[in-house]
1. With θ set to phi - 60°, apply the Karplus curve 6.51 cos²θ - 1.76 cosθ + 1.60 along segment 141-148 and write out the HN-Hα couplings as whole Hz, x wherever there is a Gly or Pro.
2. How big is the Rg/Rh ratio for segment 51-156, C-alpha atoms only, Rh by Kirkwood, two decimals?
3. Per the helix-only calculation at 222 nm, which mean residue ellipticity applies to the chain, given -39500 (n - 2.57) for every DSSP H run of n ≥ 4 and division by its residues, nearest 500 deg cm²/dmol?
4. Using a Gaussian network model on the chain with a 10 Å cutoff between Cα atoms, which of SER42, SER17, SER89 fluctuates the most?
5. Give me Rg over Rh for the chain, both radii from the alpha carbons and Rh done the Kirkwood way, two decimal places.
6. If you roll a 1.4 angstrom probe over the protein chains with everything in place, what fraction of the accessible area of segment 1-123 belongs to carbon and sulfur, to the nearest %?
7. Near the amide H of ILE66, under 5 Å away, which other amide H atoms are found, from residues 5 or more places off or on another chain, if H is placed in the peptide plane?
8. Among the aspartates and glutamates, which fall within straight-line cross-link reach of LYS55, defined as a Cα-Cα distance under 20 Å, with same-chain neighbours fewer than 8 residues apart omitted?
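The values are calculated or read from the model by the stated rules, or taken from the named source; none is laboratory data. Computed from a predicted model, the values in this text were never measured in an experiment. Cβ placement follows ideal geometry from the backbone for every residue including glycine, while neighbour counts extend to all protein chains displayed. Accessible surface is based on the protein model in full, side chains and every heavy atom, while ligands, DNA and RNA are left aside. Shrake-Rupley method; radii C 1.70, N 1.55, O 1.52, S 1.80 Å.
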Amino acid sequence: MATSAAPIIGVIMGSRSDLDMMAGALETLERFGVAFEVRILSAHRTPDLLADYVKGAKGRGLSVIIAGAGGSAHLAGVTAAHTTLPVISVPIRRENHDHEALWSNIMMPPGVPLATMPENGSTNAALFAVRLLALGDPELARKYDDFRQKQVDSGIEVDRQLQDDGWEATLSAPRGR
Ligand code: RP5
């Protein structure tokens, strides 16, 4: 867990199988010091547990829910149907999948919004959640600005390396983030 503070983000996934793809969200929230809780709750296998969890989320202090699932990925959509909190979907895609999770999540009916990230885009899901929370949290907004500045610095640095050392040396050099 990120901190001992009360969780303000719920990260849920349909299966233990999704944990590897959702780890980017958990790492990102920890990096920003955002308190979260993480659960495996399935729209298909544990539907009542999921509904109870989502219906109680706002009352327990959560502000955003991030939901990741693959295959017949109903988790995020059902979650959005059970709450008025912002819900961010991470469609999970594996080698033996097509784009069914993505399609089912971006085709939500009008009236039930779902913020769908790219396939396996759990890091961006967490960053989007941080942006939402930062609207009302100046300290978190400052952390996000620092994060953005590091991206700028890193972009300038790699371009400088390219200009100074040439493309072949840059290609074979260890890659930063
Ligand atoms: C989905 O089915 C889950 O979200 C997971 O991505 C996929 C496979 O789950 P397992 O059969 O591996 O538990 O509902």
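1. 4, 5, 4, 5, 4, 4, 4, 5
2. 1.03
3. -15000 deg cm²/dmol
4. Evaluated over the chain, the most mobile residue of the options is SER17.
5. Details: Rg = 18.1 Å, Rh = 17.4 Å.
Rg divided by Rh gives 1.05.
6. So the carbon and sulfur contribution to the accessible surface is 55 percent.
7. GLY10, VAL11, ILE12, ILE88
8. Within the straight-line cut-off, LYS55 pairs with GLU37.
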